[in-house]
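The values are calculated or read from the model by the stated rules, or taken from the named source; none is laboratory data. The structure presented is a predicted model; accordingly, all values stated were derived computationally and were not measured. Here the Cβ positions follow ideal geometry from the backbone for every residue, glycine too, while neighbour counts run over all protein chains shown.
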Amino acid sequence: MRFEPTPEQAEFAHSLGELMVRADSVTVARRWAEGDTAPGKALWSRLADQGVCALIVAEDDGGLGGTDADLAMAFETLGYHLAVGPWIESAAYLASALTGPELEAVAAGEMATLSVAELAPYCDAAGVSEHVFCVTDEGLHRGETTGTPLHSVDTTRLLSSLSPTQPLTSGDLDLAANRAVLAASAHLLGAGERLLSDAVEYVKQRRQFGREIGSYQAIKHQLADARIALDFARPLVWGAALQLDDLNASAAKLSAQRAAYLTARTALQVHGAIGYTAEYDLGLWFARVRALSSTWGTDLWHQQRVLKHVSSQ
């Protein structure tokens with residue numbers, strides 16, 4: 001089976017990518033990490049105007065009534081261009097978990113975030129979000145921050161702990177969780193594609209011993225391994241988008257995070273010392289891959305869920 005986006009999906013992803021390039025999303029990310037969130041919030045509003053927040057919200061609730069495949073396409077683009085802010089939380093989880101006025105607010109583009117027990121125990125961007133929620137074993141609640149801000153390997157993730165306050169009526173929390181896992185998988189896939197693209201461009205330009213380093217067989221093999229890993233992850237991500245359940249969502253996340261991490265390591269190796277510097281953009285995507293690999297379900301958590309479903313067959 002071939003998984004390919006429809007022309008409409010491809011055009012939507014292309015328009016999002018162009019918007020982020022024009023907004024200089026990398027500079028926005030750096031300023032966000034430094035505490036200047038105004039450019040990031042402005043970009044959030046522009047992406048929300050394009051329909052990202054409302055993508056999978058039903059039309060009756062003010063959304064676009066899109067599919068999980070639409071969600072995957074959008075999040076691959078967000079990952080490729082290093083979007084900042086609680087996109088997975090808002091456009092994937094809360095777009096499925098909320099009901100009533102809260103859902104309409106998210107669909108309209110108001111920034112919302114949350115923490116989810118086990119899957120995403122720390123909340124991203126609570127201090128700049130208009131709505132903060134917390135999911136515990138008892139269900140969905142409004143949330144409030146507790147303690148001091150936390151540090152992430154990805155400096156664009158502004159983490160904090162939450163405690164639940166007012167309980168809320170929720171939608172399907174299992175579906176919301178799987179959609180967040182799918183969005184994280186697609187985001188990782190997009191980040192991996194960007195890392196590989198930048199690495200290929202670099203090895204074409206960097207010269208050593210009188211020739212481009214990309215002409216050396218060892219480097220070709222490393223890049224080919226990364227290309228294969230991403231190509232093997234993509235069908236699992238698309239398969240989950242077309243038939244979203246616990247097994248497919250976890251299989252997609254496992255494959256995407258491993259492929260993206262392999263690509264990130266390869267990109268760092270072929271760049272050499274410059275790849276380790278804070279001023280070089282490569283590190284931003286490397287940190288994003290590291291962070292997303294352990295949130296919305298760790299490798300072990302998803303392995304156990306896959307094993308549980310396979311052993312029950």
Name the residue, out of Gly79, Gly66, Gly109, Gly85, that is under 24 Å from Leu244 (Cα atoms), among the small types (Gly, Ala, Ser) and in a loop (DSSP other than H, G, I, E, B).
-> Gly66
Quick one: which of Trp44, Trp32 is in contact with a helix residue (DSSP H, G or I) (Cβ under 7 Å, 6 or more places away or on another chain) and at pLDDT 95 or above?
-> Trp32
With respect to Leu189, is the statement that it is among the hydrophobic types (A, V, I, L, M, F, W, C), more than 18 Å from the chain's Cα centre (by Cα) and either surrounded by fewer than 21 Cβ atoms within 10 Å (Cβ to Cβ) or in a helix (DSSP H, G or I) (or both) true?
-> no
Residues of the stretch 164-178 being of a type in the set (S, T, N, Q) and in contact with a His (Cβ under 9 Å, 6 or more places away or on another chain), which ones?
-> Thr165, Gln166
What is the residue count in the stretch 207-236 for residues that are among the β-branched types (Val, Ile, Thr) and either at pLDDT 95 or above or surrounded by fewer than 14 Cβ atoms within 10 Å (Cβ to Cβ) (or both)?
-> 1
Give the residue, chosen from Ala95, Ala105, Ala112, Ala120, that is of a type in the set (A, V, I, L, M, F, W, C), modelled with pLDDT of 95 or more and touching a Gly at 6+ places or on another chain (Cβ under 8 Å).
-> Ala95
What residue, among those in the stretch 35-56 that are in a loop (DSSP other than H, G, I, E, B) and touching a residue at least 40 places away in the same chain (Cβ under 8 Å), is surrounded by the fewest Cβ atoms within 10 Å (Cβ to Cβ)?
-> Thr37
Do we find that Ala91 is in contact (Cβ under 8 Å) with a residue 40 or more places away in the chain, out of contact with any strand residue (DSSP E or B) (no Cβ under 6 Å at 6 or more places or on another chain) and surrounded by fewer than 19 Cβ atoms within 10 Å (Cβ to Cβ) in this structure?
-> no
Restricting the search to the stretch 139-151, which residues are at pLDDT 95 or above and either in contact with a Lys or Arg (Cβ under 6 Å, 6 or more places away or on another chain) or within 23 Å of Trp301 (Cα to Cα) (or both)?
-> Gly139, Leu140
Would you mention how many residues in the stretch 117-131 are touching a Lys or Arg at 6+ places or on another chain (Cβ under 9 Å) and buried (at least 24 other Cβ atoms within 10 Å of the Cβ)?
-> 2
Picked from the stretch 1-34 (must be aromatic (Phe, Trp, Tyr) and in a helix (DSSP H, G or I)), the residue surrounded by the most Cβ atoms within 10 Å (Cβ to Cβ) is Trp32
Filter the stretch 97-113 down to the residues that are buried (at least 24 other Cβ atoms within 10 Å of the Cβ) and either at positive phi or in contact (Cβ under 8 Å) with a residue 60 or more places away in the chain (or both), then identify the one that is nearest to the chain's Cα centre (by Cα).
-> Met111
Output the residues belonging to the stretch 119-136 that are assigned to a loop (DSSP other than H, G, I, E, B) and in contact with an Asp or Glu (Cβ under 9 Å, 6 or more places away or on another chain).
-> Ala125, Ser129, Glu130
Scanning the stretch 141-160 for residues that are small (Gly, Ala, Ser) and crowded, with 18+ Cβ neighbours inside 10 Å, which turns out nearest to Trp285 (Cα to Cα)?
-> Ser152
Determine whether Gln257 is surrounded by 21 or more Cβ atoms within 10 Å (Cβ to Cβ) and assigned to a helix (DSSP H, G or I).
-> yes
Odd one out for Lys204, checked against (1) in a helix (DSSP H, G or I); (2) at pLDDT 95 or above; (3) not hydroxyl-bearing (Ser, Thr, Tyr) = (2)
